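The values are calculated or read from the model by the stated rules, or taken from the named source; none is laboratory data. Being a predicted model, the structure only gives us computed values, none of them experimental. Cβ atoms come from the backbone with ideal geometry, glycine included; neighbour counts cover every protein chain shown. Side chains included, ligands, DNA and RNA excluded: accessible areas come from the protein's heavy atoms. Shrake-Rupley method; radii C 1.70, N 1.55, O 1.52, S 1.80 Å.
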Amino acid sequence: MPIYEYESLEPKKGCRMCVRRFEEIQAVNSTPLSVCPGCGRPIRRIISACHSAVMEVSPEYARVADKIAGYEREGMWSHAAELADKHSEHTKDPSLKNRALEDYKKAGYSLDTLEKHSTSKDD
Ligand SMILES: [Zn+2]
């Protein structure tokens, strides 16, 4: 289960628990806390940089990876490759780039053609 971070809306009035940020382990689908379990004052959930980065990337990544897998299942290698390629540039994900290259090869492109392809594409 993920750890969520909370902070008091009125930190100066907070109890020992919420005077600083504190963490709660909660199920993903559980309702966020709105009051401090210690003193009952209003708190809010903080989406930390780390958590939000993961959350921003993963649903999109999962969606794209799913789509790529779908193309691969149907043998639409060039579609899969282009999508993986495009997305790897976007996410700087080297594993996706490798997948794109694999799919390009399966689509019948040679690596030479690919390099030409990618340089001309940048013009
Ligand atoms: Zn409190």
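When residues in the stretch 15-29 are screened for being within 11 Å of Pro2 (Cα to Cα) and either in contact (Cβ under 8 Å) with a residue 60 or more places away in the chain or not β-branched (Val, Ile, Thr) (or both), 5 of them pass.
The condition of being part of a helix (DSSP H, G or I), among the β-branched types (Val, Ile, Thr) and at pLDDT below 90 holds for Val54. Among residues of the stretch 38-52 that are over 13 Å from Pro11 (Cα atoms), those with a beta-carbon under 8 Å from a residue that is modelled with pLDDT under 90 and open to solvent by 70 Å² or more (accessible area, probe 1.4 Å) at least six positions away or on a different chain give the pairs Ile47/Met55. The residues listed here are Leu83, Leu114, Leu96; of these, the one that is in a helix (DSSP H, G or I), farther than 30 Å from Glu10 by Cα and either modelled with pLDDT under 85 or within 16 Å of the ligand (Cβ to nearest atom) (or both) is Leu114.
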